[in-house]
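Input: a single structure, listed below in structure tokens.
Read-outs: derived from the displayed coordinates by stated rules, not from any lab. Just so we're clear, the structure is a prediction, and the values are computed from it rather than from any experiment. FYI the Cβ positions are ideal-geometry reconstructions off the backbone, even for glycines, and counts take in every protein chain you see.
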Amino acid sequence: MKHGNIALFVPHNGCPHCCSFCSQRSITGVQAQPCAQDVHEAVKKALASGGEYDYEIAFFGGSFTAIDRDYMVSLLEAASVYVKNGSVRGIRLSTRPDAAEDEVLSLLEKYGVTSVELGAQSLCGEVLKANLRGHTAQDVAAASERIKAHGFSLGLQMMTGLYGSTPERDIYTAEKIIELHPDTVRIYPTVTMRGTLLGELFMSGEYKPMELSESVELCASLLEMFSRNNIEVIRLGLHYSDALVRDMLFDNYHPAFRELCESRLMLRRFLAQREKMQPFERCTVYVHPSCVSKFIGQRRSNVNELSRSCAVFVKTAPDESVAPLDVRIEPEYSPENTQKVRKKRKNAAEIT
Ligand code: SF4
């Protein structure tokens, strides 16, 4: 059965923190907060829409356990009705690493919470400090241990391209996240929004956001790292919203960001396999049926790059037996073209 989230966004109105990337303070008034009735309505609507889903009620917003306690309990009480009657599998929520003490985790257990996600953002102390997160890398590690000790599924969220970060520091964060053994990860490339500290730093020339192409290269590497460690990346890139596109100050957002990264990852896997093979000019690449267009790339970017830079011409074919994002190469060998390819390869600039 497919997993589905019945998502409710719970803003932290009056949040005492001032993270560099957060535009909450620039919003006039307060953002609407869902009430218990909204939870009932959202669940009933999802259940009535049909479809075979294994649902979790998801309280997103990033600070769920730091909001007013009575209000938090009222939402959990509403959601727990559906956990108890078996209509949904459980409740997932996202919160801050410094708001996940044993006392509140025990309370979450009582209401049928199944998954707790922490907004780690970075595990590099300097980056956390520069972006005014108000917690340390040690807080993330300690909270992760507590969440697992309470039996919850652990999710960790990281951001790439923050102020003061570098691709090496983002890779370091991923390595540290892997050491914490989360069940799931979300990766959000930083988008510089109007009304934020990052926006001011960008306008003054102090902060240089990461270009989209750089971000794709980096996140393809992160995908590979998490995949090798059997950690599922359940989100890569921000959800589209009109406000996001309207208020971003630097254009490095792509609505199909994950697809760009997966496409890059498949190209790298192809090149790694090809390195170990006898030279060939033509081949058939077998990929999982869900990955045919990813391997080909947007506007045929991968197949064009292979023919231009490596003198390799590929046909792509679906094969259920190939794991998603993997590739299986079947080369077409003939004595003449092997010689020809050796010559061409010498002249062609290889892709790295
Ligand atoms: S991102 Fe930071 S400033 Fe914004 S609501 Fe969350 S904790 Fe508060």
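Normalising the Debye intensity of region 1-153 to I(0), with uniform scatterers on Cα atoms only, and taking log10 at q = 0.14, 0.21 Å⁻¹ returns -0.71, -1.34. Evaluating 6.51 cos²θ - 1.76 cosθ + 1.60 at θ = phi - 60° for every residue in region 185-198, the Karplus couplings come out as 9, 10, 10, 10, x, 5, 10, 8, 9, 4, x, 10, 4, 4 Hz, glycine and proline recorded as x. Using a simple spin-label model with pseudo-atoms 7 Å out from Cα toward Cβ, His3 and Glu101 lie 3.0 nm apart. Charges were assigned to the Cβ only: +1 to each Lys and Arg, -1 to each Asp and Glu. The resulting dipole of the chain about its Cα centre is roughly 1320 debye.
Of all DSSP-defined beta bridges confined to the chain, some 15% are antiparallel rather than parallel.
With the simple spin-label model, which puts each label point 7 Å out from Cα in the Cβ direction, the Ser49 to Glu320 separation comes to 2.9 nm. The count of lysine pairs in region 2-255 whose Cα atoms are under 19 Å apart, excluding pairs fewer than 8 places apart on the same chain, comes to 9. Once you keep just the Cα pairs under 8 angstrom separated by 6 or more residues, what percentage relative contact order results for the chain? Once normalised by length, the contact order is 12 percent. Summary of the geometry: region 250-283 and region 88-140, compared by the centres of their Cα atoms, lie 34 Å apart.
Taking label positions 7 Å along the Cα-Cβ direction at both Ala142 and Phe60, the computed distance is 3.0 nm, reported to one decimal. Pop the C-beta distance of Glu168 and Glu200 into the FRET formula with R0 = 22 Å and round what comes out to the nearest 0.05. Efficiency computed from Cβ-Cβ geometry: 0.30. Please state the shape class of the chain: rounded when a/c is under 1.5, otherwise prolate if a/b exceeds b/c and oblate if not, all from the C-alpha gyration tensor. Since a/c reaches 1.5 and a/b is larger than b/c, the shape of the chain is classed as prolate.
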